[in-house]
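Chemist: Mind having a look at this structure? Questions to follow.
Any read-out appearing in this document is the output of simple, stated calculations on the displayed coordinates, not a laboratory observation. This structure is a prediction, so every number in the text was calculated from the model and none was measured. Note that each Cβ is placed from the backbone with ideal geometry, even for glycine, and that neighbours are counted across all protein chains shown.
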Amino acid sequence: MSQTLPDTTTQPAEPATRTIKARYLAAGMTVVYDDGTRDLITGTIRDGDDVTATMADGATATYYVEEGVTVTGDSAPVQPAEPDYWLALADDIRKAADRAATLVGQPKPPYVGLGINVADPGNKDAAAADRVDVIAAAFGLTAETRRSTGGYYERSARAQIGQLNLSFYGYVPDPEQSEVERLRAENAELLARLAEGGAR
């Protein structure tokens, strides 16, 4: 009489699940839903406070970056690259414009402006002037250096697009003082060389 032998094959273990913040979702992970169904992530895109995951079947799911998501997979959590600052700023301005559009019928304000400051008063970094020049050039403007009412030197450019006033500026070192400091440094170096008998 034949006997049925017990099945001694080892069944693969069910992958362990863990809950991570949506900001760490990455391709190769598998999302596990409350009903037990699963979706393999093939890619993610970060947009502001949202992360959109693309699944193997082409479907997408969008999560808030701090939202907890249950996943499996050996892929180490990889934080999606942060969007470029200026791209994010442009998106924020568009959102602000959409909200401004809801004010239809309200009285016109005396002034509406967008200002970008690259350096505060007391700044000693002359490179701030270059940063202002780059921003101004993006809007077809040419920046100038002038002394502000507070006595500081400011590199700035101003213009207007329709109802929007633009102001790009940064405080820079006193150009005359910078020249004096340069000459002092050269003089000190020359005196040091003379003291060492190195002048020729």
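Chemist: Diagonalise the Cα gyration tensor of the range 110-200 and give the resulting equivalent ellipsoid semi-axes, square root of 5 times each eigenvalue, largest first, whole Å.
Modeler: Equivalent ellipsoid of the range 110-200: 39, 12, 8 Å, largest first.
Chemist: Using Cα-Cα distances under 8 Å and only pairs 6 or more residues apart, what relative contact order does the range 86-174 have, in percent?
Modeler: Across the range 86-174, relative contact order equals 33 percent.
Chemist: Once label points are set 7 Å from the Cα along Cα→Cβ at both Asp125 and Ile161, what is their separation, rounded to one decimal in nm?
Modeler: Roughly 2.5 nm, to one decimal.
Chemist: Enumerate the amide H contacts of Asp47 below 5 Å, restricted to partners 5 or more residues apart or on another chain; note that Pro and chain-start residues carry no placed amide H.
Modeler: For Asp47, the qualifying residues are Thr52.
Chemist: Can you work out ³J(HN,Hα) from phi for every residue in the range 18-28, in order, using Karplus 6.51 cos²θ - 1.76 cosθ + 1.60 and θ = phi - 60°, giving whole Hz and x for Gly and Pro?
Modeler: Using θ = phi - 60°, the values come out as 8, 10, 10, 6, 4, 4, 9, 4, 8, 4, x Hz.
Chemist: What are the ³J(HN,Hα) values, in whole Hz, obtained from phi via the Karplus relation 6.51 cos²θ - 1.76 cosθ + 1.60 with θ = phi - 60°, for each residue of the range 118-133 in sequence order, with x given for Gly and Pro?
Modeler: Listing the rounded values in order: 9, 7, 7, x, x, 4, 10, 8, 5, 5, 4, 4, 5, 5, 5, 4 Hz.
Chemist: Now for a separate question. Would you please report the Å³ per residue occupied by the convex hull of the alpha carbon atoms in the range 60-172?
Modeler: 205
Chemist: Right, here's the next one. Given the range 18-72, report the % of alpha carbon pairs whose separation exceeds 12 Å.
Modeler: 59
Chemist: Can you give the FRET efficiency for Ala137 and Thr102, using 1/(1 + (r/R0)^6), R0 = 30 Å, r = Cβ-Cβ distance, to the nearest 0.05?
Modeler: 0.35
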